[in-house]
Amino acid sequence: MPHTSSALVSLSDLHLTLKSQAGSVDILKGIDLEINAGDTVSVVGPSGAGKSSMMMLMAGLEAATSGRVTIDGKDLGAMDEDALARFRRDGIGIVFQDFHLIPTMTALENVAVSLEFARKPDALARARARLESVGLGHRLDHFPGQLSGGEQQRVALARAFAAEPKLLLADEPTGNLDSATGDIIIDLLFSLQKDHGTTLVLITHDPRLAKRCNRTVVLKDGLLSEQHSPTEKSENVSPASGTGPRVASANAKGHA
Ligand SMILES: Nc1ncnc2c1ncn2[C@@H]1O[C@H](COP(=O)(O)OP(=O)(O)OP(=O)(O)O)[C@@H](O)[C@H]1O
Ligand SMILES: [Mg+2]
């Protein structure tokens, strides 16, 4: 089937079943989602709902049981491991809750290495500029173990944005930080997102943070639904959501 969607991210009837000793678990049961370029989308939902798993599928770090993940017009299911690795390197930035920096490399090297992989010229100079832009110009030669949690996450942000990816995936980026440090990281994340026009998918348990995105989707019981803010006009709420107590009594029936 030809690819007709103009969305940057397209998930289509995505299923994920994971097998464990206790038996197999259906994590995702038919997820559909389209995200336009430049959009910011938060993903919320209970612990264990499969948010991180869904992100792994979007990054091509895990394969779907069935269904399709298309990013920037490319069907990830059709790529081999090498192609996926190249695709991630050039097109996707990822930020994790626990930073995922390389412990044996300095802050500068952590950022430069991703630029070198992406074959960008002047990797060191660019990495330095990126770190300066997140306020870490004075910590270039520190190892992750010599940095605070907030500083480590700033390095991770500098690294994630370094190669100017079209898509940034962030999985609870403030989950390991106190709220004041978390606020600094989030302000930085959104300012980088805005500067670069990056499409952002942000997994969070923090409703305050979720609201900073243009859209919020809820993952629950293996299915995804769009969350509409209470201030939004009621006609925008899909009939399937069933959240409103009001039933349009007079108009609902008698409509031929
Ligand atoms: N390798 C695995 N084998 C079997 N089940 C797994 C495996 N990895 C994760 N799971 C299960 O998949 C479900 C979804 O996990 P996932 O980490 O995606 O949830 P989550 O929504 O990100 O949760 P949290 O908000 O706590 O981070 C969980 O019930 C988890 O126990
Ligand atoms: Mg998770």
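The values are calculated or read from the model by the stated rules, or taken from the named source; none is laboratory data. Model, not experiment: these values are computed from the prediction. Counting neighbours? That spans all protein chains shown, and the Cβs are built from the backbone with ideal geometry, glycine included.
Here the condition is being among the small types (Gly, Ala, Ser) and either more than 14 Å from Leu200 (Cα to Cα) or modelled with pLDDT under 95 (or both); of Gly38, Gly50, it holds for Gly50 alone.
Annotation note: of Ser12, Ser6, Ser114, the sole residue that is modelled with pLDDT under 95, more than 26 Å from Val155 (Cα to Cα) and within 20 Å of the chain's Cα centre (by Cα) is Ser6. For segment 171-191, a residue qualifies if it is away from ligand 2 (no atom under 16 Å from the Cβ), of a type outside the set (A, V, I, L, M, F, W, C) and surrounded by fewer than 17 Cβ atoms within 10 Å (Cβ to Cβ), and the qualifying residues are Asp178, Ser179, Asp183, Asp187, Ser191.
Applying a threshold of 7 Å to beta carbon distances and a minimum spacing of six or more residues, or different chains, the list of pairs starting in segment 41-61 at a residue that is in contact (Cβ under 8 Å) with a residue 60 or more places away in the chain and ending at one that is among the acidic types (Asp, Glu) and within 8 Å of ligand 1 (Cβ to nearest atom) reads Ser52/Asp171; Met55/Asp171. Within segment 207-256, being modelled with pLDDT of 95 or more, among the polar types (S, T, N, Q) and in a strand (DSSP E or B) holds for Thr216, Ser225.
Pairing each residue of segment 63-81 that is touching a residue at least 24 places away in the same chain (Cβ under 8 Å) with any residue that is of a type in the set (Val, Ile, Thr) and in a strand (DSSP E or B), provided the two are 6+ apart or on different chains, yields C-beta distances under 7 Å for Thr65/Thr17; Ile71/Val9. When restricted to residues that are more than 13 Å from ligand 1 (Cβ to nearest atom) and out of contact with any helix residue (DSSP H, G or I) (no Cβ under 6 Å at 6 or more places or on another chain), segment 16-67 contains 13.
Residue-level check: of (1) of a type outside the set (S, T, N, Q); (2) touching a Phe, Trp or Tyr at 6+ places or on another chain (Cβ under 8 Å); (3) under 30 Å from Leu16 (Cβ atoms), Arg130 misses just (3).
Pairs are defined by a Cβ separation below 6 Å, a sequence spacing of at least 6 or placement on different chains, a first member in segment 161-180 that is free of Cβ contacts under 8 Å to residues at least 12 places away in the same chain and closer than 22 Å to His196 by Cβ, and a second member that is assigned to a loop (DSSP other than H, G, I, E, B) and β-branched (Val, Ile, Thr); no pair meets this definition.
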